[in-house]
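Peer 1: Have a look at this one.
The values are calculated or read from the model by the stated rules, or taken from the named source; none is laboratory data. Quantities reported herein were computed from a predicted structural model and do not represent experimental measurements. Ideal geometry is used to build each Cβ from the backbone, glycine not excepted, and the neighbour counts take in all protein chains shown.
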Amino acid sequence: MSWERTGARLRPIGPSSSQPQKPYTEMGSPPTGNTFAIVNQKGGVGKTTTAVNLSAALASLGRIILLVDLDPQGNSTSGVGISKTGLRMSVYDVLIGGDPIDHVIQRTATAGLDLVPSDVRLAGAEVELTATIARENRLKAALRTVRNHYDVVLIDCPPSLGLLTINALTAADACLIPLQCEYYALEGLSSLVTTIDLVRRHLNTGLEVSGVLLTMADPRTKLSDQVATEVRNHFGSKVFETVVPRSVRLAEAPSYGQPIIAYAPGSRGAAAYLTLAGEFADRIGLPHGSNLGAAVQVPASAAGVDPNGDGGD
Ligand SMILES: Nc1ncnc2c1ncn2[C@@H]1O[C@H](COP(=O)(O)OP(=O)(O)OP(=O)(O)O)[C@@H](O)[C@H]1O
Ligand SMILES: [Mg+2]
């Protein structure tokens, strides 16, 4: 892949470079390549929904984002509108074949958002990696050449604590843990925390837990409130103020291959992920459109949406 300059930024010219380019808002800071693993070995807690929609929302706030789909299910790949069946190469070729990651990066329909796609061959990667030298470091090594072209790199992890997730935790500066607002939200977290501690001790001393995100909250039930209180007691200020509500629109968006800010910009789900993007960027000290008052790429229909209203959801 070659690189082009947009303002002060380098942008990869990927396979989809024929798409019209929107000018990126120049935020006056060099890309830091801050890397986050979105991790929870529990299935269906909102990892992919958060990976896709936080990425797209950060891009809409003017940042340049790389989303890495590290799950053989490839839901982040299809979620941003890239067909899994038409893929020539994926993260599998990077991890197992040793191909350069910039051969795999694709530009998505969301301005400012690039993707490292996954495909089903990744399902065999856990086993194939076992026999590989520096098997825990493959993703970290691959990202080294490109991460500094991006403001944020988000890695969508599979629902397991195997070698793929270990690769994500080794490559990351920090992890973000989505927790579904359900009775057993905290169950199984001790093994996740143990894994994070082990990676920190042996592979990645700087690894932090940057945030815990409550997802699929139902404001009409007491249970969501109780779970939120319990999680906040446990994780304190690590828990994001923003809580993602249960939203039909968020569940529908992947089948249209669109992030929520494109599929239903006026919905509560879009508002939640835009608010989360602002909170997330503030936490990591990343200037963004909403706090600079700059021209941002938030869809007009999402601006001024009432987060408490149903917003078409
Ligand atoms: N806030 C929400 N409101 C309604 N549905 C949601 C919400 N977040 C996620 N979902 C739906 O719940 C299901 C699981 O979400 P998602 O795929 O994001 O979880 P996951 O943790 O990535 O799952 P897996 O562990 O299988 O990778 C999906 O069908 C998704 O569309
Ligand atoms: Mg997923």
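Peer 1: Which one is farthest from PRO254 (Cα to Cα) among residues in the range 43-54 that are near ligand 1 (Cβ under 7 Å from one of its atoms) and small (Gly, Ala, Ser)?
Peer 2: GLY43
Peer 1: Now for a separate question. Return yes or no: is LEU292 aliphatic (A, V, I, L, M) and modelled with pLDDT of 95 or more?
Peer 2: no
Peer 1: Right, next: In the range 55-86, how many are away from ligand 1 (no atom under 12 Å from the Cβ) and either touching a helix residue (DSSP H, G or I) at 6+ places or on another chain (Cβ under 8 Å) or of a type in the set (Gly, Ala, Ser) (or both)?
Peer 2: Selection size over the range 55-86: 19.
Peer 1: Sticking with this one: Taking the range 135-150, which residues are surrounded by 23 or more Cβ atoms within 10 Å (Cβ to Cβ) and either farther than 17 Å from SER90 by Cα or within 16 Å of ligand 1 (Cβ to nearest atom) (or both)?
Peer 2: Answer for the range 135-150, where residues must be surrounded by 23 or more Cβ atoms within 10 Å (Cβ to Cβ) and either farther than 17 Å from SER90 by Cα or within 16 Å of ligand 1 (Cβ to nearest atom) (or both): just TYR150.
Peer 1: Just checking: which of the helices (runs of 4 or more DSSP H) contained wholly in the range 47-121 hold 2 or more residues that are in contact with a strand residue (DSSP E or B) (Cβ under 8 Å, 6 or more places away or on another chain), charged (D, E, K, R) and surrounded by 24 or more Cβ atoms within 10 Å (Cβ to Cβ)?
Peer 2: Output list is empty.
Peer 1: Follow-up question, since we're still on this one. Can you find a residue in the range 124-134 that is surrounded by 19 or more Cβ atoms within 10 Å (Cβ to Cβ), of a type outside the set (A, V, I, L, M, F, W, C) and either outside any helix (DSSP H, G or I) or within 16 Å of ligand 1 (Cβ to nearest atom) (or both)?
Peer 2: no
Peer 1: So VAL153 ticks every box in (1) over 24 Å from ARG232 (Cα atoms); (2) within 16 Å of ligand 1 (Cβ to nearest atom); (3) surrounded by 18 or more Cβ atoms within 10 Å (Cβ to Cβ) but one. Which box is left unticked?
Peer 2: (2) is the only condition that VAL153 fails.
Peer 1: Give me a count of the residues in the range 145-167 that are in a helix (DSSP H, G or I) and closer than 22 Å to GLY285 by Cβ.
Peer 2: Result for the range 145-167: 3.
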